[in-house]
Amino acid sequence: MTGSKSIILHLDTLPQWRMLSDAQAGALIKALLSYAETGEQLQSDDAALMMAFSFISAQIARDSQKYAKRCETNKRVAEEREERRRAERERKEASENERVQTCTNEHEENQTCTNTTYSNPNPNP
């Protein structure tokens, strides 16, 4: 069926399980495990066993579809998250490469010229 390695047996099916003999219950659990692994349907002349298999296998199929859907959603969310992280890293790297060097010392920023000699354009006073 899906990539799941387990099946869920719902407790609300317990009354039906109790109606089966131990031999029938054993045969049913083996049939359900086989169904979950390969999709193989139970073949039996035992009407009670076939009825129990039909409704429990239907639940297993629904659970399997739900699991597959959840896996697909989780995969999509993880891919979107990784794409956002990748874009953020690329944006950050690009901004670091384009950064213009600025003064790192506040005194350099406000430095004035103190050793400048001005020449007078009119040499005659």
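The values are calculated or read from the model by the stated rules, or taken from the named source; none is laboratory data. As the structure is a computational prediction, the values presented were derived from the model and not from experiment. FYI the Cβ positions are ideal-geometry reconstructions off the backbone, even for glycines, and counts take in every protein chain you see. Accessible surface is based on the protein model in full, side chains and every heavy atom, while ligands, DNA and RNA are left aside. Shrake-Rupley method; radii C 1.70, N 1.55, O 1.52, S 1.80 Å.
Could you look through the stretch 11-42, keep only residues that are of a type in the set (A, V, I, L, M), part of a loop (DSSP other than H, G, I, E, B) and open to solvent by less than 90 Å² (accessible area, probe 1.4 Å), and pick out the one that is nearest to PHE53 (Cα to Cα)? Please lay out each step first, then the result.
Narrowing the stretch 11-42 to residues of a type in the set (A, V, I, L, M): 11, 14, 19-20, 23, 25, 27-29, 31-33, 36, 42.
When the remaining residues are screened for being part of a loop (DSSP other than H, G, I, E, B), the result is 19-20, 42.
Okay, now just the ones that are also open to solvent by less than 90 Å² (accessible area, probe 1.4 Å), so 20, 42.
Values: LEU20: 12, LEU42: 7 Å.
The residue in question is LEU42.
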- prompt: Considering only the stretch 54-82, how many residues are open to solvent by less than 100 Å² (accessible area, probe 1.4 Å) and among the acidic types (Asp, Glu)?
  reply: 3
field: Test set (1) touching a residue at least 40 places away in the same chain (Cβ under 8 Å); (2) assigned to a helix (DSSP H, G or I); (3) under 30 Å from the mean Cα position of the chain (by Cα) - ILE8 fails condition number
entry: (2)
